[in-house]
Amino acid sequence: MSLHIPFDNSYAHLPDRFFTRLDPVPVKAPCLIAFNAGLAADMGITPGTPEDMAQAFSGNRPPEGAAPLAQAYAGHQFGGFSPQLGDGRANLLGEVVTPGGQRLDIQLKGSGPTPYSRMGDGRAWLGPVLREYVLSEAMHALGIPTSRALAAITTGESVYRETGALPGAILARVAQSHIRVGTFQYFAARRDVPGLQALFEHVVERHYPHARNPADLLEAVIEAQARLVAHWMSVGFIHGVMNTDNTTISGETIDYGPCAFMDMFHPDTVYSSIDAHGRYAFSNQPNVIVWNMAQLATALVPLMPDQDATIEEFTQAIHAMPDRIHAHWLQAYGRKIGLSEATAEDTPLITGLLQAMAENRADFTNTFSALSDGGARDQFLDPGDFDAWEAGWQKRIATEDDPARVMRQANPVYIPRNHRVEQMIAAAVAGDFAPFERLLDVLADPFTSQEGARDLTHPPEPAEVVRQTFCGT
């Protein structure tokens, strides 16, 4: 049986200034190391032999019907605007309309240089590819909108970085689209109103068919991003590089570079090696997404007939976004402490627990996971701090029908802990993919305690602590 992907490409039909048409750069000896058969089946993809899929997903032999291209976009990176970024090491093979009617991109990451590479080699090494594979699939299992991993390929070539030669790899990932806030900024920066209009119409047709105008689109994206970031916060996830070119219009998590899940809770936690001033710290993510949505609003203004009135309308929408994020945050954290429907009056109860966790160096995931079985007290250096909080909590949940069930559904037992991910990468570089496969298997069911997987719930020992994560280059 040969690989068949039912492509039905729409982005490739946009004007040529939206992208550069080019094939991925071939690699020496591609080898398939992972294939997401369940995702492929959902997409209507017929798998082929490992050799066929290695050739296809490395870009050596793009599948029939593909329309390979590198997308153009701009973006604010750590607050500084770059008018031209684009896919510097990625190639959009095309789109699939699934049997359920959903349109999904297939993109190769690490597929070679493009006109947007900015002196880079356009390649990726094995570590970031496996990291994104594991973390994106874990996020999906947690119920968080995200790009997903379809396949991972080793290239048989070395990639050279500061540390020397590393094994090359390519990730085939899937997303509702790879259209970003920076895509709108690209055309706005050039005062290309026809391009903006074409992009707007494409996004409406693809993602938000109810949107009648740019104001409706802005409203829809604000809502999607408010939900997304609140969901990140509820599982202790730190994206690490929330630039506008990493903020999708679809509201999906994308570009797993210096991201991480917290172990010990502290609101100011930063892992990213390039975030020297904490711009993208855990607690600052709601502020950053509001700022990013303001950049989208600015890019959409030229499409509106009365721009003065539009600026006032859009400003109000942006100023209302923090309350919207908090509303989603409140419901997410309410469920984490067993409340099926939290109210504003519950905010001090939630923040009181978080403050006590920060002061006691409590593990974020394990504390919430243990709330439903009475073990959360053990996570605190001073158990008396938990006892003081618990009295009010027990009184509040006494009126709930089944708070333990609510908590079990909201609090994962397993997350992709940083030290386990690093151990998995080190093993894979040495030729052992068993830890990679084990992580994928356990993280596919994160809310259920699994026999033989207790070690994956353990925080790192002092020598195992990962203090910095790095961009996936």
Per residue and in cubic angstrom, what volume does the convex hull of the Cα atoms of the chain have? 150 Å³
Checking the cross-link filter: which lysines have an alpha carbon closer than 19 Å to that of K336, excluding same-chain neighbours under 8 positions apart? K395
Dimensions (Å) - region 85-216, Cα atoms, principal axes, largest first: 51, 36, 22
Scalar couplings 3J(HN,Hα) for region 191-203 by Karplus 6.51 cos²θ - 1.76 cosθ + 1.60 (θ = phi - 60°), nearest whole Hz, x for Gly and Pro, are 6, 8, 5, x, x, 4, 5, 5, 5, 4, 5, 5, 5
Could you run the Karplus curve 6.51 cos²θ - 1.76 cosθ + 1.60 with θ = phi - 60° over region 395-407 and give me ³J(HN,Hα) per residue in whole Hz, x for Gly and Pro? 5, 5, 7, 4, 8, 7, 5, 8, x, 5, 5, 4, 5
Can you give me the C-alpha center-to-center distance between region 255-278 and region 18-58, rounded to a whole angstrom? 31 Å
Run through the DSSP bridge list for the chain and note the antiparallel percent, rounded to the nearest 5. 95 percent
What is the ratio of the Cα radius of gyration of region 229-281 to 2.2 N^0.38 Å, where N is its residue count, to two decimals? 1.09
May I have the pair-distance distribution P(r) for region 171-330, computed from all Cα-Cα distances with 5 Å bins from 0 and rounded to whole percent? 2, 9, 18, 21, 20, 14, 10, 5, 2, 0, 0
How would region 341-397 be classified by its alpha-carbon gyration tensor: rounded, prolate or oblate, with rounded meaning a/c under 1.5 and the a/b versus b/c comparison settling the rest? prolate
Candidate lysines - alpha carbon under 23 Å from K28, same-chain residues fewer than 8 apart omitted: K109
Expected vector for region 30-42, Karplus 3J(HN,Hα) from phi with 6.51, -1.76, 1.60 and θ = phi - 60°, integer Hz, x for Gly and Pro, equals x, 9, 6, 10, 7, 9, 8, 5, x, 5, 4, 5, 4
Kirkwood hydrodynamic radius of region 388-473 from all distinct Cα pairs, in Å? 15.6 Å
Taking only protein heavy atoms and a 1.4 Å probe, the highest-to-lowest accessible-area order of D306, D216 is D306, D216
Inter-centroid distance (Cα atoms) of region 414-473 relative to region 89-156, Å: 20 Å
Enter the accessible area per residue of the chain (Å², integer; probe 1.4 Å; all protein chains in place). 40 Å²
The answer for the per residue Cα convex hull volume of region 208-303, in Å³, is 92 Å³
Built amide H within the under 5 Å cut-off of A169, gap 5+: A124, W125, L126, T155
Ignoring ligands and nucleic acids, T244 exposes an accessible area, probe 1.4 Å, in Å² to the nearest 10, of 0 Å²
Could you work out what % of the accessible surface of the chain is carbon and sulfur, using a 1.4 angstrom probe and leaving DNA, RNA and ligands out of the count? 52 percent
Given the candidates P47, F19, A34, the one whose Cα lies deepest towards the positive end of the charge dipole of region 1-105, counting +1 at each Lys or Arg C-beta and -1 at each Asp or Glu C-beta, is F19
Can you give the accessible area of L439, probe radius 1.4 Å, in Å² rounded to 10? 10 Å²
Past the 22 angstrom mark, what percentage of all C-alpha to C-alpha distances in region 310-438 do you count? 50 percent
Expressed in Å to one decimal, the Kirkwood Rh of region 14-117 from all distinct alpha-carbon pairs is 15.0 Å
For E313, solvent-accessible area (1.4 Å; no DNA, RNA or ligand), Å²: 90 Å²
Using Stokes-Einstein with the Kirkwood hydrodynamic radius over Cα pairs, what translational diffusion coefficient do you get for region 1-61 at 37 °C and a viscosity of 0.692 mPa s, in µm²/s rounded to a whole number? 246 µm²/s
Stretch in the chain that is longest and holds no trypsin sites (Lys or Arg not before Pro) that DSSP places in a loop and that have at most 16 other beta carbons within 10 Å: 213-360
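The values are calculated or read from the model by the stated rules, or taken from the named source; none is laboratory data. Note that the structure is predicted; figures quoted are calculated from it, not measured. Cβ atoms come from the backbone with ideal geometry, glycine included; neighbour counts cover every protein chain shown. Note: areas computed on protein heavy atoms with side chains; ligands, DNA, RNA excluded. Shrake-Rupley method; radii C 1.70, N 1.55, O 1.52, S 1.80 Å.
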